[in-house]
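I have placed the structure first, in the form of structure tokens, so that the comments after it can refer back to it.
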Amino acid sequence: MFTKILIANRGEIACRIMETAHKMGVATVAVYSDADASAKHVALASEAVRIGAAPVGESYLLGERIIAAALETGAEAVHPGYGFLSENPDFVEAVEAAGLVFIGPSASAIRAMGLKDAAKVLMEKAGVPVVPGYHGDNQDDAFLALKADEIGYPVLIKAVAGGGGKGMRRVDHSAMFIEGLHAARREGSASFGNDQVLIEKYILSPRHIEMQVFGDNHGGAVHLFERDCSLQRRHQKVIEEAPAPGMTSEMRAAMGAAAVTAAQAIGYSGAGTIEFIVDASAGLRADGFWFMEMNTRLQVEHPVTEAVTGLDLVRLQLEVASGGRVPAQGDIACNGHAIEARIYAEDVPAGFLPATGRLSVLDFPDGVRIDSGVRAGDEISPYYDPMIAKLTVHGETRAAALAAMRSALQHTDIIGCKTNVEFLGRLVAQEDFTTGQMDTGLIERELEALVAAPVEPAGARALLAIAAQDWGEGFTLWEPLRQRVGLDGEGHWVQVLGGGRFSIDGFEVEVLARDGAHWRVRIGGHIVAARVRRLDGRAYVVMNGERFSAEIDDPLNRDASAEAGAGVLLAPMPGLVQSVLAKAGDVVEAGAPLVVMEAMKMEHTLRAPFDGIVGEVLASVGAQVESGVVLLRMEEP
Ligand code: MV4
């Protein structure tokens, strides 16, 4: 086994690899960009080397710098993680030329799978089922049109160098073929500098089911069962699970054998994934799957395979790379059901735009697996993938895993940047998904319902209004007993009734227990658990699995009627009492100026909140006061 390895990656996957390496007694070297100098993966590593500026082209994609870092620190091997340089055969060759071990497949295996048409021809020759179609060199328009007619419409024209759905054109009728062909060629040239295409039968209700494979350097190859990754949006996986719903033992045996054949055909070593497209229009059939492509790396979704097999895939990678053998196929079993959800920093209603921000709260429930490259207080920057964490659950059955996932998402609190947690919550409750009747089009079809804003229950605003206050140790010492609270520009009266009881705009809430942000409250006769927080000028409430938040109005911006608590004028900020315009016993009208404060060279006039009588005047001209100090009390007439 190696004594020290370098991890040519960042974020959760770098952390994941280090965790196993350290368990095995293998020291780790992290590499980092300027944006990651204090990142979690750097903190976890045995040692760390700076490789450049924040943009990936100036750091994590610079193979020479990474190899230099490995040589400098005495690492014997390089683990590429996923993305970045993980499937770059030139990098593999450079690593090996430097006398280091690449923890992954050979450059030639990566190249064999790099071009779609060549990979398909290779797989077809090896006896792996491929989608009926034409994958040849003849790119003549008329010839390809003839092939499309033979295959039968609808057909899919794909750029051979494509990936992630780019350069794909569906054509439904012969008359539209040439137009689609030219469009696919243009996309292929523009995106990949290659205008070669292939033609395939279009699978109408596709599911994405992939087989995890492992090869060693002694000719051994096994599969570690399948993962269903059909829940995708714009070719980005959102939820993955193992086993695939509806999988039969016949189909699994056929897919497993095909996957092992595929790996052996290219002399594959290390962790790999064979992606199949499956026709879900009439249930899963042992003859209804076709090779799509191979990913020659450890994948994001490997935790679901680890959960059902009990194997550590990173350990296997290190063992195989240092000369070990894969386990016997018969010793690999699939137990229960696992589901992974990818939690992203993104603005879902705005069209899933990547979001950024500092994670002031990052709380996950116990009893689930979290793979994350960030900690509370860390920043999601615009430079890298906006994934915050992968949440993986495992249960005896799919129903149990689904229930665990729903609960885990409901008990996840992330504050500081927008996330897709609620979207994921909706998705795992969606009926076609819970019944296992999904295909790759599910998210797009159900998008409206999946992104709709939740309806706020009556008690949510009341809790937000309570959350907007700083309660310190308890609710009893709070003064005044009635306070105007502005939420999203709307005023609410919060009245303290004592003993944890409140009336908010006449709506009664009783706080039965508090443990940090975890409250137990009685609202409208129901007792519910809620998470309640106040952070950076916002109030946050999570109840019944839905999230609500509101901006707490800045007291400086409140209008006259909302300016002060009932009968009590508080200093809205630290400052100087410039003048006092009323004395005890004065009868004043709502809006009458009573106290003028000066802060940061600006004057702020505090006015009577209602028609009444001035009671005690505590403010004295020239006094320097703290925020929240009582300046004056009013009495109702
Ligand atoms: C297909 C297909 C239907 N018929 N091929 C999309 C990306 C890629 N690598 C292959 N893809 C597809 N190929 C035929 N002949 C539908 C898709 C497809 C898809 C495949 C897997 C996962 C998600 C997908 C979403 C849309 C389309």
| message | Tell me yes or no: at least one residue of the range 260-280 is more than 16 Å from the ligand (Cβ to nearest atom), open to solvent by 10 Å² or more (accessible area, probe 1.4 Å), touching a helix residue (DSSP H, G or I) at 6+ places or on another chain (Cβ under 7 Å) and over 21 Å from Ile103 (Cα atoms). | response | yes
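Open to solvent by 50 Å² or more (accessible area, probe 1.4 Å) and in contact (Cβ under 8 Å) with a residue 40 or more places away in the chain, is that true of Pro132? If you could, list the steps in order and put the result at the bottom.
On the way: open to solvent by 50 Å² or more (accessible area, probe 1.4 Å): yes; in contact (Cβ under 8 Å) with a residue 40 or more places away in the chain: yes.
Taking the combined requirement at face value, the residue satisfies it.
Yes/no per residue for (1) open to solvent by less than 50 Å² (accessible area, probe 1.4 Å); (2) assigned to a loop (DSSP other than H, G, I, E, B); (3) in contact with an Asp or Glu (Cβ under 9 Å, 6 or more places away or on another chain):
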residue: Leu569; (1), (2), (3): yes, no, yes
residue: Gln578; (1), (2), (3): no, no, yes
residue: Ala582; (1), (2), (3): yes, yes, no
residue: Ala590; (1), (2), (3): no, yes, yes
residue: Val596; (1), (2), (3): yes, no, yes
residue: Pro609; (1), (2), (3): yes, yes, yes
residue: Val614; (1), (2), (3): yes, no, yes
residue: Val621; (1), (2), (3): no, yes, no
Pairs returned, first residue in the range 197-224 that is under 20 Å from His173 (Cβ atoms), second residue that is at pLDDT below 95 and of a type in the set (Phe, Trp, Tyr), beta-carbon separation under 6 angstrom, 6 or more apart or interchain, are Ile199/Tyr134
Counting only residues in the range 154-165 that are touching an Asp or Glu at 6+ places or on another chain (Cβ under 6 Å) and part of a loop (DSSP other than H, G, I, E, B), the one least open to solvent (accessible area, probe 1.4 Å) is identified as Val160
- Does the range 287-306 include one or more residues that are open to solvent by less than 20 Å² (accessible area, probe 1.4 Å), closer than 21 Å to Ala254 by Cβ, polar (S, T, N, Q) and not in a strand (DSSP E or B)? yes
It is to be established whether one or more residues within the range 168-186 are away from the ligand (no atom under 12 Å from the Cβ), touching a residue at least 40 places away in the same chain (Cβ under 8 Å) and open to solvent by less than 10 Å² (accessible area, probe 1.4 Å).
yes
Val95 fails exactly one of (1) under 30 Å from Leu6 (Cα atoms); (2) of a type outside the set (D, E, K, R); (3) open to solvent by less than 40 Å² (accessible area, probe 1.4 Å); (4) within 16 Å of the ligand (Cβ to nearest atom), namely (4)
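Can you tell me which of Asp371, Asp378, Asp432 is buried (at least 17 other Cβ atoms within 10 Å of the Cβ), of a type in the set (D, E, K, R) and closer than 18 Å to Ala242 by Cα?
Working: Asp378 fails: closer than 18 Å to Ala242 by Cα; Asp432 fails: buried (at least 17 other Cβ atoms within 10 Å of the Cβ).
Step by step, each of Asp371, Asp378, Asp432 is checked, and only Asp371 is buried (at least 17 other Cβ atoms within 10 Å of the Cβ), of a type in the set (D, E, K, R) and closer than 18 Å to Ala242 by Cα.
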Here the residues within the range 187-231 that are over 18 Å from Gly133 (Cβ atoms), among the aliphatic types (A, V, I, L, M) and within 16 Å of the ligand (Cβ to nearest atom) are Ile209, Met211, Leu231
Expected output for the range 515-535 (first residue free of Cβ contacts under 8 Å to residues at least 12 places away in the same chain, partner of a type outside the set (D, E, K, R) and part of a strand (DSSP E or B), Cβ below 8 Å, 6+ apart or cross-chain) is Arg520/Val511; Arg520/Leu512; Arg520/Ala513; Arg520/Ile527; Arg520/Val528; Arg520/Ala529; Arg520/Ala530
Of those in the range 113-135 that are among the aliphatic types (A, V, I, L, M) and within 12 Å of the ligand (Cβ to nearest atom), the residue nearest to Glu200 (Cα to Cα) is Val131
When Asn138 is run through (1) assigned to a loop (DSSP other than H, G, I, E, B); (2) within 13 Å of the ligand (Cβ to nearest atom), the failure sits at (2)
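The values are calculated or read from the model by the stated rules, or taken from the named source; none is laboratory data. Quick caveat, the model's predicted, so the values are computed rather than measured. For neighbour counting, all protein chains shown are included, and Cβ atoms are generated from backbone atoms with ideal geometry for every residue, glycine included. Side chains are part of the model used for accessible areas, which takes the heavy atoms of the whole protein and leaves out ligands, DNA and RNA. Shrake-Rupley method; radii C 1.70, N 1.55, O 1.52, S 1.80 Å.
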